[in-house]
1. If only one of Ser226, Ser183 is modelled with pLDDT under 90, within 16 Å of the chain's Cα centre (by Cα) and among the hydroxyl-bearing types (Ser, Thr, Tyr), which one is it?
2. Identify all residues within the range 189-213 that are at pLDDT below 90 and surrounded by 13 or more Cβ atoms within 10 Å (Cβ to Cβ); write none if there are none.
3. Hey, can you tell me all the residues within the range 171-185 that are within 12 Å of Gln33 (Cβ to Cβ) and open to solvent by less than 40 Å² (accessible area, probe 1.4 Å)?
4. Would you pick out the residues in the range 104-153 that are open to solvent by 50 Å² or more (accessible area, probe 1.4 Å) and in contact with a Leu (Cβ under 8 Å, 6 or more places away or on another chain)?
5. So, of the residues in the range 126-164 that are modelled with pLDDT under 90 and of a type in the set (A, V, I, L, M, F, W, C), which turns out to be nearest to the chain's Cα centre (by Cα)?
Amino acid sequence: NDRYQVLDTLTLLRGNHQMKAGVDFNYLDHKRQALPLHFGGRYLFGSLPAIPGLVPVPVNGIQAVALGIPVAYIQGYGNSSVSYGYSDVSLFAQDDWRPTGNLVVKFGVRYQNQFWPDIAKSTPGVPEAYSFPRDSNNVAPRVAVSWDPTGSKQTSLLAAYGVYYDNTITSIAGIFDIVDGSSTGVRTLAARFSPPQSLVPVIAWRSPGHILSESAAGSFPSLVASVDPDLETPYAHHFSLGVDRQLPGRVGVTANYVYARGFNQLGTIDYN
């Protein structure tokens, strides 16, 4: 891919305030994303019972390889690549305020958003086609305090809290566009050896190059990967509390408590 990035941060000092603001914008031109699932063919070999006309006695997996009788065969077909554009933006503002010489208070807020390609999705079980969901309320506040209770510059009490949003991995847009169950995307044959109903793995093994053409495979159900229409951006609450103490002899002691709790973490569900 090609990445284009524009970013800048401004700092303004006014009395006992240090104010910062910044922007970061990225545009990614994904020239080619590829997902060739099992395009070279994949065979699974295992133990087999005695099968009249094929296997006179039970065999183990190594013997099944020698006989050329796989228990399963997986083969990918179709177009395994796609190109698309994607962009994201993040903004922040922060104020470091020193009301007294031994106290610093930081206030901040960050906003970020992702802009996905307009790819329509038609998913079994969802009545209407939909595009990639957009979550535009990713406003993340932060606050932190650092206090020297004695003014000796030897002890600091620290506390901080913030909300942190993650960026959803950008490649899922391409994956969902490639693995969409259509006649133009990736289609995956998964055939199990089940004589006499299915001899596809054996036929594939005995085909030229050990690869079965899609026309020879016939019709088969295929995988559809879809994004949740209600997908939300992952985020986490972070809280920390600590104390730093400088001791004689250039020795320091630090104790901290950190709490983090994540929400909306991205995962996959196999509905089968």
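The values are calculated or read from the model by the stated rules, or taken from the named source; none is laboratory data. For clarity, every value in this text was computed on a predicted model and none was experimentally measured. Here the Cβ positions follow ideal geometry from the backbone for every residue, glycine too, while neighbour counts run over all protein chains shown. Please note that ligands, DNA and RNA were not included when accessible areas were found on the heavy atoms of the full protein model with its side chains. Shrake-Rupley method; radii C 1.70, N 1.55, O 1.52, S 1.80 Å.
1. Ser226
2. Pro195, Ser198, Leu199
3. If the condition is that a residue be within 12 Å of Gln33 (Cβ to Cβ) and open to solvent by less than 40 Å² (accessible area, probe 1.4 Å), then Ser171, Ile172, Ala173, Gly174, Phe176, Ile178, Val179 are the ones that fit.
4. The answer is Arg110, Tyr111, Val145, Trp147, Pro149.
5. Within the range 126-164, the match that is nearest to the chain's Cα centre (by Cα) is Phe132.
Here's the yes/no breakdown for (1) open to solvent by 80 Å² or more (accessible area, probe 1.4 Å); (2) touching a residue at least 40 places away in the same chain (Cβ under 8 Å); (3) in a strand (DSSP E or B):
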position	(1), (2), (3)
Asp8	yes, no, yes
Val23	no, yes, yes
Leu28	no, yes, yes
Gln33	no, yes, yes
His38	no, yes, no
Ala64	no, no, no
Ser90	no, yes, yes
